[in-house]
Amino acid sequence: MTAQPVVRQGLAVTAALAAALALVSGTGPGTAQTRITAPKNNYPVSEDVELGRKAADEVSNELPLLDDRRVDDWVEEVGRTLVAAIPAEFSHPEFTYTFEVVNQADINAFALPGGPMFLNRGMIEAATAEGQVAGVMAHEISHVALRHGTAQATKAQSPGFVLGAIGAQIARVFGGTVGGIASEAAQFGLGATFLKFSREYESQADILGAQMLARAGYDPREMANMFKTIEEQGGGGQIEFLSSHPNPENRYERINEEARSLRVQGNASTGDFPAVRERLAGMAPAYTAEQIANGEARSGSPSASSSPAPAARTAARVEPPSSLYRRSSPLPFLRLNVPENWGEVSGDASGVTYAPEGGYATDGRALRGFTHGFQIGAADADRDLERATEQLVASFARSNPDLRREGRYTRERIDGRQSLRATLSNVSELSGRRERITLVTTRLDDGRLLYLIGVAPETDARDYEPVFRRIRESVQLTGR
């Protein structure tokens, strides 16, 4: 997020997706829905998270992300609705589901272990209804929730298989553009059989995806319609989605059969699909796989609309937060603990920012912004805490046009004082990546608003949130 004077500064954030709800089985006329059992898996859930994070970083650096706020917001809204419909037995709190639109014309989508998903613009343009896009997304989320990537590695029983196979699959699916991970794949000499999911896993993702669609409020038959469209558009050739997602026998009929056993719970449609399609139609054509492989593509919306131009990217390596904490007194009335490897990168009488090396940028001595870290500040504001917090968020948004609040405020306590907590999302001007911001506000004795902000990229948000919580819990306020 763009740096400002401390009392008004906002930060880059990514929003983490909604937690999965408990399973509520919908039943249709006469037939029970199919029971899905996750396949055997010898790998810990943490392995999925680590693999997905590494692979997502590679993909984000190599592929031309659309980075169009309106399209991204719509895809994320659909994604959050679907994630909330994951059955409890397949919900993994460690996973962070994220959604990126790739400015690529090919009809394709791909989800990585732990939650990162990449959806080609061509997939959205090929659909004729929001439910069809949701169907592909539900299918991909099902692969993640059932842990098919590491389950397939379990079958292989090959040391070092996981990272290599996933990397090779990404390289293959997206035109061989992902360098680092693909190189590792070559070291393991993997056969083509490991570069795509089995038909068994594809069928599982179809069925679980259909069940999730119904629970979320989408007609599961739209998934079958989208797969039919994909096959028809493939013609006599091979469409990339089908090369990495082999077609189970009677896929269209099997999904529709499952749909007859399900009850669609409400109507999840955002109503924004026609506007999204119109927006995409007004942009320059998406890149082909060949253009991407030849290095001709770049991230950023090709539209000449109101979307901001893509910001400069930074690729600095950021050390994870130290498990050791040090005591700091940045303000006369405040003491708190911060990770030992986070320094004070800016500060004055109103507040201070803590960040690790590589997690911030400066212009001379002035802080431009930070991608990882924690900020504390105080500002004059309305006496009503919620209204004051709204005003603060609005002031941040003036220099961060992509800033959005997600969900409602929740309550917690800071050193015994009533406080409000909000989750914000933004696109970092420094990295170009989506990030999550956790904002907590409370009142000081002199009436000013104290705010505490934790910032991390969306892909790292789950790891950083316990750090931000520990910092907040250590806060001691005196004399103000």
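The values are calculated or read from the model by the stated rules, or taken from the named source; none is laboratory data. These figures come from a predicted structure and were not determined experimentally. Please note: Cβ atoms are built from the backbone with ideal geometry, for glycine as well, and neighbour counts cover all protein chains shown. Remember, those area values only see protein heavy atoms, side chains included, never the ligands or the DNA or RNA. Shrake-Rupley method; radii C 1.70, N 1.55, O 1.52, S 1.80 Å.
The table below lists the values:
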{"quantity": "Solvent exposure ordering (accessible area, 1.4 Å, most first) of Glu278, Glu47, Glu465", "calculated": "Glu278, Glu47, Glu465"}
{"quantity": "Largest to smallest accessible area among Ser323, Ser91 [probe 1.4 Å]", "calculated": "Ser323, Ser91"}
{"quantity": "Measure of compaction for the range 365-480 (Cα Rg per 2.2 N^0.38 Å)", "calculated": "1.03"}
{"quantity": "Residue-level accessible surface for Thr362, protein heavy atoms, 1.4 Å, Å²", "calculated": "60 Å²"}
{"quantity": "Rounded Å value of the spacing that divides the Cα centres of the range 428-467 and the range 110-146", "calculated": "29 Å"}
{"quantity": "Area accessible to solvent at Tyr218, 1.4 Å probe radius, in Å²", "calculated": "10 Å²"}
{"quantity": "Local electrostatic count at Met223 - Lys and Arg +1, Asp and Glu -1, tallied over other residues with Cβ under 14 Å", "calculated": "-4"}
{"quantity": "Largest to smallest accessible area among Arg417, Arg404, Arg70 [probe 1.4 Å]", "calculated": "Arg70, Arg404, Arg417"}
{"quantity": "Interatomic Cα distance distribution for the range 335-424, bins of 5 angstrom, percent", "calculated": "3, 11, 17, 22, 23, 16, 7, 1"}
{"quantity": "Protection-proxy order for peptides 106-115, 384-393, each taking the mean of Cβ atoms within 10 Å per residue, highest first", "calculated": "106-115, 384-393"}
{"quantity": "Per-residue SASA entry for Leu331, accessible area with 1.4 Å probe, Å² rounded to 10", "calculated": "10 Å²"}
{"quantity": "Kirkwood estimate for the range 26-129, i.e. one over the average of 1/r between Cα atoms, Å", "calculated": "15.6 Å"}
